[in-house]
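Please read the structure below before turning to the comments.
The values are calculated or read from the model by the stated rules, or taken from the named source; none is laboratory data. Treat the numbers as computed from the prediction; the structure is a model and nothing was measured. All Cβ positions, even for glycine, are placed from backbone atoms using ideal geometry, and neighbour counts span all protein chains on display.
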Amino acid sequence: MTINYNQTAEFARDLKKLLKKFPSLEEDLEIAKQYRIELYHLQNIDSRSIFKIDNAGNDASLQFFKIKKFQCKSLKGRGSKSGIRVIYAFHCGKYRVDFIEIYFKGEKENEVEDRIKKYLKNF
């Protein structure tokens with residue numbers, strides 16, 4: 001079983017902006033898909049790096065998560081404490097992930113709830 005990955009237009013803009021500061025982000029995101037998201041959702045292996053976002057309209061078919069321990073090669077020496085955060089929606093029955101937001105914690109403290117609400121409205 002595999003997971004189908006998509007990204008919102010806002011996520012694509014966030015990523016493009018952050019790539020200027022952190023050029024390894026695309027590669028880092030691929031690693032996170034394989035060693036964080038797929039292990040968590042396909043094999044039920046919890047690396048304690050993915051956290052469910054409560055009060056985000058979660059139900060049996062759609063849940064929202066945040067990756068906190070995101071390893072970024074461009075932030076040498078920080079390991080999984082890079083400060084990069086990734087917000088995504090997981091469609092349980094379809095095994096689909098839609099990336100909603102990516103940000104650097106040093107520039108922004110928390111995810112924008114409006115993005116999740118907008119995503120739900122368009123879903």
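The figures follow:
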read-out	value
Meets criteria (surrounded by 12 or more Cβ atoms within 10 Å (Cβ to Cβ), in contact with a Gly (Cβ under 6 Å, 6 or more places away or on another chain), of a type outside the set (A, V, I, L, M) and at positive phi) for Gly83	yes
Subset of the range 1-38 (residues that are under 17 Å from Glu107 (Cα atoms) and crowded, with 16+ Cβ neighbours inside 10 Å)	Glu10, Phe11, Asp14, Leu15, Leu18, Phe22, Leu25
Pair list, Cβ < 9 Å and 6+ apart or interchain, from the range 36-53 residues that are closer than 18 Å to Gly93 by Cα to residues that are aromatic (Phe, Trp, Tyr) and surrounded by fewer than 17 Cβ atoms within 10 Å (Cβ to Cβ)	Ile37/Tyr5; His41/Tyr95; Leu42/Tyr95
Output for the range 103-115, where each listed residue is at pLDDT 90 or above and either small (Gly, Ala, Ser) or in a helix (DSSP H, G or I) (or both)	none
Residue match in the range 44-59 (condition: in contact with a Cys (Cβ under 7 Å, 6 or more places away or on another chain), under 18 Å from Glu30 (Cβ atoms) and modelled with pLDDT of 85 or more)	no
Of all residues in the range 69-91 being over 18 Å from Glu30 (Cβ atoms) and modelled with pLDDT of 90 or more, the one that is nearest to the chain's Cα centre (by Cα)	Ala89
Val97, sole failed condition from (1) crowded, with 19+ Cβ neighbours inside 10 Å; (2) within 17 Å of Thr2 (Cα to Cα); (3) at pLDDT below 95	(3)
